[in-house]
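Okay, so here's the structure we're looking at.
The values are calculated or read from the model by the stated rules, or taken from the named source; none is laboratory data. Just so we're clear, the structure is a prediction, and the values are computed from it rather than from any experiment. Cβ: placed from backbone, ideal geometry, glycine included. Neighbour counts: every protein chain shown. In case anyone asks, the SASA skips ligands and DNA or RNA and just uses the protein heavy atoms, side chains included. Shrake-Rupley method; radii C 1.70, N 1.55, O 1.52, S 1.80 Å.
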Amino acid sequence: MLQTLTLAVSGPPTSPEYLPLRVAEAEGYFAREGLAVTLRTTRAEPGAAEALAQGQADLAATSLEAILRFGPRLASQAPRLVLGLTAAPPVILLVPDSHRTVVRSIEDLPGTRIGVSTPGAPEQAWFAWLLARSGISIAQMWMVSRGERGVIHAVETGDVHAALVQEPAASRLIASGQARALVDLSSPAAVRQAVGAPTVNAAVFVRSDRRPRDRDVTAFIRAVLAAQRRIAEGDGETLAARLPKAVTAGPDTFDARLAASRDIYLPEGVVTVEQVRETLILIRAHLPLPVSARVPRPEDLVHVTRPAVR
């Protein structure tokens, strides 16, 4: 008998941060580990956090910030992080070629127009922290929300002085000579270099009062790590044939998105207490957490269980 689990996954379905979960389902890795995992896609990170808080899911794949702002409130329901996915939202801060002499460093950003995909996008917390390290406030510039495709067009036309652009569009703009990278957040190593400390963004969480059995959590982790290896080693055409159209659709080819995803994941899904502590500092510096948020100690938030790799 397969152990049944419901997993709330942050949307959109094309998000590279949560791709290993969808690959694990499509490739049968969950079933191979004795699990029947139902993926429930939410519109964005807050929805997955709320599903966990409301008992509608056994696990939630969302951001650390979302789980703290929208997740469980009672101390008895405190969230536990069981698997790390990414160190930061995988974006690159680009400067259009037409503004290369205007913006040469972070210190040149006050008074400029900064393009973002959506208001309050997760990457803005990391951007605000980078500014703060240089003694700059996000209030010193104009944040322009254009949507995922619109922000790319804004870089191409020079309508913004800089923009936070998701991969693989960012790499394409750099390769074509239309932009240069000012800050890279597209891999754990790049994040550590840019921020000056290890951080965590996307992860899988459980509720402490409804936590699946450790052996099931271990099996779940093993399946997701197998999916990450599949992403790193497999060809896009074969993988795309097995995934839902909603996952493979998008403005860029799936092959390009797959290639850009291969380096974004935290090695072996490991998250340390230091990573959580540094990320909490970053989140609070950007926007204070609500009074109602019960923030566990970093050492309590990380639930350590490491599977043997098969």
Report task. Output the qualifying pairs, or none if there are none: Cβ atoms under 8 angstrom, residues six or more apart or on different chains, first residue in the stretch 274-303 and under 22 Å from Ala128 (Cα atoms), second residue open to solvent by less than 20 Å² (accessible area, probe 1.4 Å) and of a type in the set (Lys, Arg). Result -> none
Report task. Go through (1) farther than 16 Å from Pro267 by Cα; (2) outside any strand (DSSP E or B); (3) open to solvent by less than 10 Å² (accessible area, probe 1.4 Å) one by one and return the number of the condition Asp209 breaks. Result -> (3)
**Report entry** Selection within the stretch 57-72 - closer than 14 Å to Tyr18 by Cβ and either out of contact with any helix residue (DSSP H, G or I) (no Cβ under 6 Å at 6 or more places or on another chain) or open to solvent by 10 Å² or more (accessible area, probe 1.4 Å) (or both)
**Finding:** Leu59
Query raised in the report: Within the stretch 73-91, how many residues turn out to be open to solvent by less than 10 Å² (accessible area, probe 1.4 Å) and either touching a Cys at 6+ places or on another chain (Cβ under 7 Å) or part of a strand (DSSP E or B) (or both)?
Result: 7
Query raised in the report: Of the residues that make up the stretch 212-219, is at least one open to solvent by 10 Å² or more (accessible area, probe 1.4 Å), acidic (Asp, Glu), on the phi < 0 side of the Ramachandran plot and not in a helix (DSSP H, G or I)?
Result: no
Query - Sole residue being more than 19 Å from Ser187 (Cα to Cα) and surrounded by 15 or more Cβ atoms within 10 Å (Cβ to Cβ), chosen from Arg222, Arg230 - result: Arg222
Report summary line: Checked the stretch 125-169 for anything under 25 Å from Ala259 (Cβ atoms) and open to solvent by 40 Å² or more (accessible area, probe 1.4 Å); matches are Arg146, Glu148, Arg149, His153, Glu156, Gln166
Report summary line: Of the conditions (1) modelled with pLDDT under 95; (2) within 20 Å of Pro244 (Cα to Cα), the single one that Tyr18 does not satisfy is (1)
Query - Those residues of the stretch 242-258 which are part of a helix (DSSP H, G or I), in contact with a helix residue (DSSP H, G or I) (Cβ under 9 Å, 6 or more places away or on another chain), modelled with pLDDT of 90 or more and among the aliphatic types (A, V, I, L, M), in sequence order - result: Val247, Leu258
Query raised in the report: Could you list, in sequence order, the residues of the stretch 117-131 that are at pLDDT below 90 and either touching a Lys or Arg at 6+ places or on another chain (Cβ under 6 Å) or within 16 Å of Leu282 (Cβ to Cβ) (or both)?
Result: Gly120, Ala121, Pro122
